Amino acid sequence: MVHTLRQTSGTTLTSRENWGTLFLILPALVFIASWFLIPLGQLFALSLSSEAGPLASYAELIGSSVFRRVFVNTMVLACIVTIICVVLAYPTAYLLTKLRGFWFSVALYCVLVPFWISVLVRTFSWMLLLERNGPINSFLMYSGITTSPINMLFNNFSVYLGMVHVLLPYAIFPMYSSMLRVDNRLLQASEGLGARGTTTFLRVYLPLTMPGVLAGGAFVLLLALGFYITPTLLGGLQNLTAAMLIDNFVNERLVWPLAAAASFILLGLVLGILALASKFLSLGSLVGMR
Amino acid sequence: MNSSLVKTISHIVGALVLAFLLLPIFAVVPASLSDQSFVKIPPESYSFRWYEAFFADAGWVSSMLNSIKVATIACIFTVIVGTMIAVGLTRVGATTRMLLTGLLMAPIIVPAIMISIAIYYVSRQVGLYGTVLGLALGHSLLCLPFVVINVGVSLRRLDPSLLRAAAGLGASGWQVFRTVTLPAIKPGLAGGAAFAFVTSFDEVIVSIFISGYGAKTLPVKLWEQIRVEFTPVSAAGSTIILVLTVILFVAVQMLRFRAAPGKEAQV
């Protein structure tokens, strides 16, 4: 009797647990469906809604040399920013692994705090620093390096600088965590076997930390492709990116099908990188860095 | 090549990069404290007159209030919904968990401009364009992943036998959550909530597209101003955002430190 009772209560409990799990998951799911999946679905329908035929918008974007150049420029910009970030992030991540105590905390906060600060505020700070009468130009003129102010704003230089500044932490953290996993005994073994420091680095340390380098690089690349605020504020007319082109289609030229198609091409590029990088990339860690 | 020399150079590069990351952020602070009507770093004389001007301007003040409203709604909404699904994810199979996590993280990967125009298009159909609620829902999409991840990390540290013990002693699902789960995930919850608030408070791109005239937020107002000219009032607005973010950041770090002393610096 007791046995059967326990069994029935057991089964009701599991079915109640299933309902409970569904109840916990459903609100977020409904929200994402209604504010993310359905809007993107509508955007996809829009991209196929050109009067000239379903694929006409995509054909126009790919066929036009002007639009193609914007996409190529965006990719070149994203790739250069990624290379700069990876090169600068590696020694920084390495320094993080070597610091202890107070200085480690200081260094960590240098990487962590920028994550929290508004991209808009950071970009505005750069505009104030780089402008003709800004402190950097004053310093350069005061120290006699130049006699007239240098144009550092609204050109390639300011776009690269601003984007590298925002994206560097995304490269530093994956590299740092892959460096933490390196077994120091391997380095000692390499040196014990007579390898020079450079050889140990190139043959042991670099290969072991390569997953972190690739993950960091992939994060930066896929975020850089969709950048909007920094290039819009810091760039000149020649620094048109795909995101700015989409904005232009929506707000200036009012051509929704082109805007929708351009965003799906951009998304295709991002997903392509994600697929290539999926081996060593965990999306949770992109969010978990903060 | 001398490897210790290479090491020294790499340490110097690293230190310079760290300084490069942190220091330029604060350029808006001296700019906002200028006594003159133009931006100069460092200012020739200091005053708070641009903060007075900020708070005397109905446009700036209402945009700040809008930002606070939107961020509060987005924060509360994502904390509730995000905690629910984070707990739900511990109760499903590995495949379902992976699929759902991927879906939750997707808004971080999809370019913000694309999400913005999609929500812009839909919000006009359903009458949420230019409303606080519309903005809060748009921002929630970007805040939710941070809540789920932060709470999820805390949940994984929770000993499942405690949950079984509580349930075995006859506690209901809600009682187990309130007395066992909730106290254990408090640090993750606070971190997620703070980051959700900041993410919404700072959000620019979605806001530019859907705030309209009715729900202009502080970053949108700032964005419009910066594109025209650099003024000390804009610098004051930026500094207000900066100070608010730093306060929340410090609060979260202290809470994490109290939850796990000595581990405050964990990433």
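The values are calculated or read from the model by the stated rules, or taken from the named source; none is laboratory data. Keep in mind it's a predicted model, so treat the numbers as computed, not measured. Every residue, glycine as well, gets a Cβ built from its backbone with ideal geometry; the counts of neighbours run over all protein chains shown. To get the accessible areas, we keep the full protein, side chains included, count just its heavy atoms, and leave off ligands, DNA and RNA. Shrake-Rupley method; radii C 1.70, N 1.55, O 1.52, S 1.80 Å.
A count restricted to the stretch B:27-56 and to residues that are touching a helix residue (DSSP H, G or I) at 6+ places or on another chain (Cβ under 7 Å) and either within 25 Å of B:S200 (Cα to Cα) or assigned to a helix (DSSP H, G or I) (or both) stands at 10. Applying the condition of being among the hydroxyl-bearing types (S, T, Y) and in contact (Cβ under 8 Å) with a residue 12 or more places away in the chain to the stretch A:147-171 and asking which residue is farthest from A:F124 (Cα to Cα) yields A:Y170. Out of the residues in the stretch A:94-118 meeting the condition of being under 20 Å from A:V182 (Cα atoms) and within 8 Å of chain B (Cβ to nearest Cβ), tell me which one is nearest to the chain's Cα centre (by Cα). Applying the filter and picking the extreme gives A:L108. Checked against (1) at pLDDT below 95; (2) within 37 Å of the chain's Cα centre (by Cα); (3) open to solvent by 20 Å² or more (accessible area, probe 1.4 Å), A:T21 passes all but a single condition, namely (3).
Only residues that are facing chain B (nearest Cβ under 8 Å) and of a type in the set (A, V, I, L, M) were counted in the stretch A:38-64, giving 4. Only one entry in B:F26, B:F38 is within 16 Å of A:P114 (Cα to Cα) and either in contact (Cβ under 8 Å) with a residue 12 or more places away in the chain or surrounded by 17 or more Cβ atoms within 10 Å (Cβ to Cβ) (or both), namely B:F26. For the stretch B:131-250, the helices (runs of 4 or more DSSP H) that sit wholly inside it and include 3 or more residues that are within 12 Å of another protein chain (Cβ to nearest Cβ) and within 26 Å of A:M127 (Cβ to Cβ) are B:132-157, B:182-202, B:205-210, B:218-228.
Is there a residue in the stretch A:42-58 that is crowded, with 21+ Cβ neighbours inside 10 Å and under 30 Å from B:I80 (Cβ atoms)?
Within the stretch A:42-58, one or more residues are crowded, with 21+ Cβ neighbours inside 10 Å and under 30 Å from B:I80 (Cβ atoms).
Selection of the stretch A:180-197 for residues being open to solvent by less than 50 Å² (accessible area, probe 1.4 Å) and either in contact with a Gly (Cβ under 9 Å, 6 or more places away or on another chain) or within 13 Å of chain B (Cβ to nearest Cβ) (or both) yields A:L187, A:S190, A:A195, A:G197. Considering the stretch B:251-260 alone, what residues qualify as being in a helix (DSSP H, G or I) and either under 14 Å from A:V121 (Cβ atoms) or more than 12 Å from chain A (Cβ to nearest Cβ) (or both)? Selection gives B:M254, B:L255, B:R258, B:A259. Only one of the listed residues (B:V126, B:V92) is within 10 Å of chain A (Cβ to nearest Cβ), under 26 Å from A:S263 (Cβ atoms) and surrounded by fewer than 19 Cβ atoms within 10 Å (Cβ to Cβ). That residue is B:V126. The lone criterion from (1) crowded, with 18+ Cβ neighbours inside 10 Å; (2) in contact with a Leu (Cβ under 6 Å, 6 or more places away or on another chain); (3) among the hydroxyl-bearing types (S, T, Y); (4) away from chain B (no Cβ under 12 Å) left unmet by A:Y176 is number (4). Highlighted here are the helices (runs of 4 or more DSSP H) found entirely within the stretch A:180-279 that include at least 3 residues which are without any contact (Cβ under 8 Å) to a residue 40 or more places away in the chain: A:184-192, A:197-200, A:206-225, A:242-251, A:256-277.
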